[in-house]
1. Return the only residue of Leu70, Leu162 being in contact with a helix residue (DSSP H, G or I) (Cβ under 8 Å, 6 or more places away or on another chain), modelled with pLDDT under 90 and under 19 Å from Asn45 (Cβ atoms).
2. Identify, by number, the condition in (1) part of a helix (DSSP H, G or I); (2) open to solvent by 40 Å² or more (accessible area, probe 1.4 Å) that Leu25 doesn't meet.
Amino acid sequence: MILDNDIVLRPRFNIDLPHVNEAILSDFEALKNTQTDFVISRVDNHVFIRIPKHKQHFWSPQLHLEINELEHNTCRLHGLFGPNPTVWTFFMFLHFIVVMLFLGFGVWGYSNWALHTSYGLQLGVCIAMIVLWFALYFIGRAGRAKGKTDMKLLHDFMKSNLKL
């Protein structure tokens, strides 16, 4: 798996496997009780692989696998790396707040400009929101870089258990 410098917030991959999906799902279900390096949970055709709590840091990723049957004895594994759902929700909330403040102060500033009154404060806040948005982007990229070693561990664990 190659993680290049593209703008990819949540890296994804697909693998076609020459197995019945239930066999792979049951293998992951069995791993839940036989190993302690990762936390594995399964819901229907979805498998979630996480780093144990005592080894996690703020940027620790999780691996979400969806294993769907294609034809007889073949299935497709859809993999998605993502941050802890709480971290992801927090970052989306911050982005939402920044956009709402930008739009609100932008409309207010435009109204003041159209009325030929002072709009310096509104312009300053809009510029600050743009700077804050870039800061959030680079913080997210730094977090993803910090989680790369964990992503590699999760990916290698998945591959070793699929015998790829």
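1. Only one candidate qualifies: Leu162.
2. Leu25 satisfies every listed condition except (2).
The values are calculated or read from the model by the stated rules, or taken from the named source; none is laboratory data. Because the structure is predicted, anything quoted here is derived from the model rather than measured. All Cβ positions, even for glycine, are placed from backbone atoms using ideal geometry, and neighbour counts span all protein chains on display. Calculation scope for accessible area: heavy atoms of the full protein, side chains included, ligands and nucleic acids excluded. Shrake-Rupley method; radii C 1.70, N 1.55, O 1.52, S 1.80 Å.
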